[in-house]
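Chemist: Once you've had a glance at the structure underneath, I'll fire off some questions.
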Amino acid sequence: MKRIAIVTGASSGIGKEFFLSLKTKAPDLDEIWVVARNEEKLQSLTSSTDTPLRIFPLDLSETSATTVLKNALEEETPQVQYLICASGFGRFNAVEDDDLSVLENMIDLNCRSVMALTKIASPYMAKGGAMILIASVAAFQPIPYIGTYAASKAFVLSYGRALNKELRKRRGARCLCVCPFWTKTAFFDRAKSDNPIVKKYAVMYRPEQIVNRAWKDLKKKNRDVSVCGAYTRGQALLVKLLPHRLVMRIWLRQQKLK
């Protein structure tokens, strides 16, 4: 039986960094399934690993993509050592000013596809394996002008923590929710709108920092959330203690938003 990892969003950013890290973190894999919209970028990953790749150029916001992966799992019946869900995007904009199709697409990709992928992969999870879901520090609080994105990541965080309990009991596997702060990736290329919303970035991390922290946290048996950096941990704690009405007011003041 093949031992595989599945990495979505593997063509760039945190997803690509997770893919690259498998070379040392999971060198005994028989195959890595990489998923993203850009086939050319996925093909270029072959030079970065000795492990055979299976390339899926799919848009996970479409339900047909889930069907393709479900059929592949049913055909191969592999052991899934890792499922890493790193596909997603955000927008910096008022809800009123954004396109409905963009917001619906965001929910489909950030929420529905994560639920669907974990659902179809669960029966194949190896004992001791893990699902790694990329949430965000935004999941801990409501954020005006990034409201849909923050809410979508709150779904991922809540869903992933509950799923962790189920996987432990039923499969002897785990689910870890990774909650990065601002991270230097192509995320910003799509997130920015015509009106500059975010004017102040308190801190900016590199993808490799987020991924390294996640692997360390995965070694801790009772850890279901991974937060990288002292600043991020401080923010996550404060937004638990402070009323969210005050947290939103502080955010609006920082970014000089009305």
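No lab work stands behind these numbers, since they all come straight from the coordinates. Remember, predicted model here, so these are calculated numbers, not experimental data. Here the Cβ is made from the backbone with ideal geometry for all residues, glycine too, and neighbour counts use every protein chain on show.
Chemist: Being without any contact (Cβ under 8 Å) to a residue 12 or more places away in the chain and in contact with a Leu (Cβ under 6 Å, 6 or more places away or on another chain) is the filter here, so list the residues in the stretch 1-47 that pass it.
Modeler: Residue satisfying the conditions is Thr46 alone.
Chemist: Tally time: how many residues in the stretch 129-140 are part of a helix (DSSP H, G or I) and aliphatic (A, V, I, L, M)?
Modeler: So the answer is 3.
Chemist: What number of residues within the stretch 75-99 are small (Gly, Ala, Ser) and either buried (at least 22 other Cβ atoms within 10 Å of the Cβ) or in contact with a Cys (Cβ under 6 Å, 6 or more places away or on another chain) (or both)?
Modeler: 3
Chemist: Checking the condition out of contact with any Lys or Arg (no Cβ under 6 Å at 6 or more places or on another chain), in contact (Cβ under 8 Å) with a residue 60 or more places away in the chain and farther than 24 Å from Lys25 by Cα, which residue from Ala162, Ala186 passes? Give the steps one after another, and end with the answer.
Modeler: Working: Ala162 fails: in contact (Cβ under 8 Å) with a residue 60 or more places away in the chain.
Result: Ala186 is the single residue among Ala162, Ala186 that is out of contact with any Lys or Arg (no Cβ under 6 Å at 6 or more places or on another chain), in contact (Cβ under 8 Å) with a residue 60 or more places away in the chain and farther than 24 Å from Lys25 by Cα.
Chemist: Sort out which residues of the stretch 110-128 are surrounded by fewer than 23 Cβ atoms within 10 Å (Cβ to Cβ) and part of a strand (DSSP E or B), and write them in order of number.
Modeler: If the condition is that a residue be surrounded by fewer than 23 Cβ atoms within 10 Å (Cβ to Cβ) and part of a strand (DSSP E or B), then Ala126, Lys127, Gly128 are the ones that fit.
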